[in-house]
Structure formats: structure tokens, C-alpha cells
1. Quick check on the range 344-365: of everything there that is modelled with pLDDT under 90 and aromatic (Phe, Trp, Tyr), which residue is nearest to PRO195 (Cα to Cα)?
2. Do we find that GLY330 is modelled with pLDDT of 85 or more, part of a helix (DSSP H, G or I) and buried (at least 22 other Cβ atoms within 10 Å of the Cβ) in this structure?
3. Of the residues ILE372, ILE310, ILE314, only one is surrounded by fewer than 20 Cβ atoms within 10 Å (Cβ to Cβ) and at pLDDT 75 or above; which?
4. Could you say which residue among ALA62, ALA69 is within 27 Å of GLU191 (Cα to Cα), among the small types (Gly, Ala, Ser) and modelled with pLDDT under 75?
5. Kindly establish whether ASP254 is among the acidic types (Asp, Glu), modelled with pLDDT of 85 or more and not assigned by TED's automatic domain parsing to the domain that holds ILE355.
6. May I ask you to say which residue of LEU170, LEU129, LEU145 is surrounded by 14 or more Cβ atoms within 10 Å (Cβ to Cβ), over 30 Å from ASP58 (Cα atoms) and in contact with a strand residue (DSSP E or B) (Cβ under 7 Å, 6 or more places away or on another chain)?
7. Which residues, taken from the range 71-98, are surrounded by fewer than 20 Cβ atoms within 10 Å (Cβ to Cβ) and closer than 21 Å to GLY215 by Cβ?
Amino acid sequence: MIGDLIKYVITNIRHRFTRSSLTILSILIGIMSIFVLISFGEGLRNYMDIMAQEMGTDKLIAQPRGYGAPGTTGTHLTKEDLDFIKKQRGISESTGMIIEQSEVKIDKKKLGKWVFMMGMPTNPSEQKLIEEAFAGYGIFKGRALKTGDKNKVTVGYNYLFADKIFSKPLKLGDNIFINGKSFDIIGFYEEIGNPGDDSNVYMTNDAMKELFDIGDEYAMVYIRAEKGVVPTELAERLEEKLRKKKGQKEGEEDFYIQSFEQLMETFGTILLVLNSILVIIAGISVLVAAVNIMNTMYTAVLERTKEIGIMKSIGARNSTILLMFFFESGFLGLIGGSIGMLLGYGLAKLGAIAIAATGYSFLQPYFPWWLIVGCLVFSFSVGAASGFFPARAASKLKPVDALRYE
């Protein structure tokens with residue numbers, strides 16, 4: 001019976017090919033939009049999970065309050081603050097990073113590029129702490145900075161390629177000019193996945209202070225908790241102690257301290273809200289598709305009224321008629337959902353290539369099994385639910401009235 005029902009449904013869809021195609025198109029667009037948006041949202045979530053694993057859960061970050069990127073807020077943490085943090089119970093190690101913005105040139109006579117200058121400690125353990133905080137991205141080529149590297153720098157991944165930062169790629173040993181002073185490139189960092197971080201220039205904290213004529217003004221302080229210490233509790237305790245030490249009232253601090261776990265939770269909440277908004281927008285097109293399917297099925301009932309009367313007169317039950325139209329509308333939704341999902345997969349892959357070309361290689365779609373199954377079930381359910389009332393109306397027709405219908 002099921003086989004005959006499927007053949008009957010396919011035959012009816014083929015006989016009304018133009019109308020069926022338009023109905024399928026309407027749900028195709030909605031499912032395609034949902035599939036693409038959720039795949040990118042899951043890609044971001046997957047990236048965050050990988051970052052969390054690479055960073056570890058034992059790290060905290062202290063930053064000055066203010067609007068703007070680190071190093072541009074006009075407020076800083078001092079060496080006194082860093083020394084105070086290092087002395088607190090539960091701290092394994094801590095280090096500060098000086099951040100400034102500056103123009104970098106490969107030719108003194110030509111315009112350069114404005115990028116972030118990152119001050120790095122020369123202690124290997126402290127460097128490792130910072131690299132882990134950047135999700136484990138270490139040196140890709142060359143070597144890291146060490147004590148005595150006064151006129152040397154390491155740079156981000158994008159400097160290895162033409163037209164990413166400069167018109168030509170740079171290599172180990174090349175010179176760049178910062179504030180009119182020449183620096184030798186001794187290393188390139190691994191790709192982080194966004195143009196901002198991959199265009200950073202790193203030099204020692206001492207070189208930063210001399211170049212920009214500043215003191216120990218830290219835009220970031222990275223902290224590693226001791227084993228067995230809960231980072232979130234440590235963050236609260238450190239914030240309270242540093243606030244009292246600075247003589248500031250609660251809620252009026254000029255700094256904040258968060259564990260990386262808290263940072264990930266914040267990003268996760270933002271991502272959830274963003275995904276929800278995008279899916280609601282895409283869901284509007286699915287709603288339009290549902291109305292279209294309902295309209296198509298009501299029209300089909302009117303066109304096949306006499307056919308329904310004949311079927312009932314030879315013994316077809318109400319449940320059979322109901323199932324026939326219910327299954328047909330669900331099948332329309334399933335076809336639209338399947339095609340929409342395939343197109344969505346292709347569109348997401350093309351989008352990822354285009355996004356990667358702009359430098360944001362971290363933003364890649366992710367296709368979990370539940371997304372594929374969910375889209376198929378959802379599209380069938382939308383189609384079937386939209387066809388329920390037309391199917392119910394068809395099943396209620398009386399054979400005599402149906403045979404008389406013109």
C-alpha cells in the first residue's frame with residue numbers, strides 16, 4: 001500500500017510540475033538559509049571549542065576598562081599591578097603585554113600599514129603563557145624573541161604573502177621600519193585566522209618602551225592558576241584584592257579580571273543570540289513556504305474532488321484519503337528540504353572560500369549529523385503540517401457530493 005501511495009504522490013506532483021516546482025522552491029530557500037546560517041554558527045562554536053582546548057582552563061586575563069581594542073583605551077595596568085597579582089595565592093605565573101598602534105613600512109619614503117605592536121616578555125615560560133592564550137599559536141618559521149633582541153621583531157602570518165599586508169611577501173632577515181627605526185624579522189607566527197591578529201608585529205617589552213617612550217603600561221596581563229585552583233573563583237578573589245589595593249569602589253574599577261572559561265561563556269551567549277536572530281529571519285521564509293504548500297494542497301483537493309469521490313465509492317477510507325494528501329504535502333516539503341540542504345552545503349563551502357580569501361580563515365562551516373537529519377525532518381514536518389487541513393478537508397468529502405462536483 002505504501003509503495004502504491006508513493007507512486008500516486010509522485011505521479012500527481014509530476015502532473016502539476018510547474019505548481020509543485022514553485023512550492024518546492026519556496027521551502028528550498030528557507031531550508032537553504034537555515035542550513036547555511038546554522039552551519040556557520042556551529043563552525044564558530046566548533047572553533048571556540050578548539051580554542052578552549054588549546055588555551056586550557058587554567059588561565060585568566062586582566063585588562064583595563066575602556067572602549068576600544070586593547071592598547072587604544074587610554075587606560076593601562078601598571079608594573080605595580082602586575083607585581084601585586086604575581087604575589088597572590090593561587091597564581092602559578094603571570095606576565096604583562098604592552099600594546100601600541102604604529103605604522104609599519106618596508107620603505108621609509110612610502111606609506112606603510114597601521115598595525116598593532118605587541119610587547120613580548122623574553123622569559124620562555126611567560127612567552128608560552130601568552131602563546132597558549134592565543135590558542136597555542138607558536139612560531140611558524142624562524143625563532144621567538146629572546147633577551148637582547150633590541151632591534152629584532154617577529155611578525156604575524158600574513159606578512160609571508162603578497163598583497164596581504166604589503167605588495168610583496170617578507171622573509172626572514174628582511175627589514176621593516178617602525179617609527180623611523182629599522183628592525184630585522186627573525187620569526188613568523190602561525191596563522192591565527194583573522195587579519196587583525198595575523199598582521200601583528202611582536203618585539204620585546206623593553207624595545208617597546210624605548211621605541212614609544214613609555215613605561216610599563218600593560219594592555220593585557222595573562223595569569224596562570226595553580227593546579228587545583230578554580231579559575232572563576234580566583235578571578236573574583238583577585239579582582240576584589242586588586243580593587244582594594246587601588247582604593248576603588250565595587251563597580252567603579254578601572255580594570256576587570258576574567259577566566260578564559262568566562263570569556264568562552266560570554267562568546268557562547270553572544271553566538272546563541274546571534275544564531276537565534278538569524279534562524280528566526282530564515283524561518284520567516286519557511287513560514288511563507290508553509291502557507292504556499294497549504295494553498296497548493298487546497299487547490300489540489302478542489303481539482304481532484306471527483307477523483308476523491310470515485311476512490312471513496314470503491315471503498316477508500318477517510319484515513320486513506322487523509323494519509324494520501326498528508327503524505328503528498330510532506331513529500332513536497334522533503335524534496336524542497338533535500339535540495340535546499342544540498343544547495344546550502346555548496347553555498348556554505350563557497351562562502352567559506354570567499355571569507356578565507358579576506359583573511360578570516362577561522363570562520364569555517366561545520367556540518368554535524370543532527371543538522372542534516374534535523375533539516376530533513378523539519379522540512380517534511382513543515383510540509384506535512386501545512387497539508388494537514390487540506391488533507392482533512394479532502395477526507396471529509398462525501399462520495400455523492402464529490403461525484404457531483406464540477
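1. Among those that are modelled with pLDDT under 90 and aromatic (Phe, Trp, Tyr), it is TYR360.
2. Values: modelled with pLDDT of 85 or more: no; part of a helix (DSSP H, G or I): yes; buried (at least 22 other Cβ atoms within 10 Å of the Cβ): yes.
No; evaluated as a whole, the condition is false for this residue.
3. On the way: ILE310 fails: at pLDDT 75 or above; ILE314 fails: at pLDDT 75 or above.
The unique qualifying residue is ILE372.
4. Values: ALA62 fails: modelled with pLDDT under 75.
The unique qualifying residue is ALA69.
5. Working: among the acidic types (Asp, Glu): yes; modelled with pLDDT of 85 or more: no; not assigned by TED's automatic domain parsing to the domain that holds ILE355: yes.
Here the answer is no, as ASP254 does not meet what is asked.
6. Values: LEU129 fails: over 30 Å from ASP58 (Cα atoms); LEU145 fails: over 30 Å from ASP58 (Cα atoms).
Step by step, each of LEU170, LEU129, LEU145 is checked, and only LEU170 is surrounded by 14 or more Cβ atoms within 10 Å (Cβ to Cβ), over 30 Å from ASP58 (Cα atoms) and in contact with a strand residue (DSSP E or B) (Cβ under 7 Å, 6 or more places away or on another chain).
7. Answer for the range 71-98, where residues must be surrounded by fewer than 20 Cβ atoms within 10 Å (Cβ to Cβ) and closer than 21 Å to GLY215 by Cβ: THR72, THR73, GLY74, THR75, THR78, LYS79, GLU80, LEU82, ASP83, PHE84, LYS86, LYS87.
The values are calculated or read from the model by the stated rules, or taken from the named source; none is laboratory data. None of the values given here were measured: they were computed from a predicted structure. Every residue, glycine as well, gets a Cβ built from its backbone with ideal geometry; the counts of neighbours run over all protein chains shown.
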